[in-house]
Amino acid sequence: MKKKKGQAAVEIALMLPIVLLLLCIIIDIFRVLYVINTLNMVSQEAARYASFNHSNTDIEIFAKNNCPFKEKDSRMTVTTTPDDEPRKSGTNVTVRVKYDIKYITPLIGWLTVGNSSINVGASSTIRVE
């Protein structure tokens with residue numbers, strides 16, 4: 001039988017890129033789930049804030065201040081409907097929050113036809129008091 005010096009090093013060299021790629025994909029998936037969960041909470045808090053008849057600008061500032069993400073000013077959008085101010089008591093107000101997530105895995109960008117990010121969002125509706 002021949003000696004198999006270096007076999008383990010070759011196997012690690014072949015498998016390491018695949019394992020690291022899978023790890024990055026898993027991290028990206030869980031980052032998206034974390035952002036969706038956080039946006040749900042932010043939209044609920046912003047809808048509650050909007051139910052007290054605040055202006056759309058105040059609602060957007062409130063939502064962005066309660067969001068823990070970096071670069072939220074450039075990647076996050078907040079939309080409030082109905083757009084009329086002041087809102088009538090007893091009507092519903094909906095706050096939609098969207099955020100643009102950049103992938104850390106370059107392969108996902110290639111698989112999604114050149115997109116290097118994904119836009120996720122959440123919305124909440126509550127009655128105006």
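The values are calculated or read from the model by the stated rules, or taken from the named source; none is laboratory data. The structure presented is a predicted model; accordingly, all values stated were derived computationally and were not measured. When we count neighbours, we look across all protein chains shown, and the Cβ atoms used for this are built from the backbone with ideal geometry, even at glycine.
What to note about this one:
- With respect to the conditions (1) buried (at least 19 other Cβ atoms within 10 Å of the Cβ); (2) not in a helix (DSSP H, G or I), PRO86 lacks only one, and its number is (1).
- Members of segment 1-41 found to be aliphatic (A, V, I, L, M), surrounded by 14 or more Cβ atoms within 10 Å (Cβ to Cβ) and under 30 Å from ARG127 (Cβ atoms), listed by number: VAL35, ILE36, LEU39, MET41
- Search result, residues across segment 58-83 that are modelled with pLDDT of 90 or more, over 16 Å from ASN40 (Cα atoms) and not in a helix (DSSP H, G or I): THR81
- Of the criteria (1) over 17 Å from ARG127 (Cα atoms); (2) modelled with pLDDT of 90 or more; (3) among the acidic types (Asp, Glu), which one GLU45 fails: (1)
- Scanning segment 42-57 for residues that are crowded, with 16+ Cβ neighbours inside 10 Å and either in a helix (DSSP H, G or I) or hydroxyl-bearing (Ser, Thr, Tyr) (or both) yields VAL42, SER43, GLN44, GLU45, ALA46, ALA47, TYR49, ALA50, SER51, ASN56.
- Any hit, segment 10-26, residues being in contact with a Lys or Arg (Cβ under 8 Å, 6 or more places away or on another chain) and either acidic (Asp, Glu) or touching a residue at least 24 places away in the same chain (Cβ under 8 Å) (or both): no
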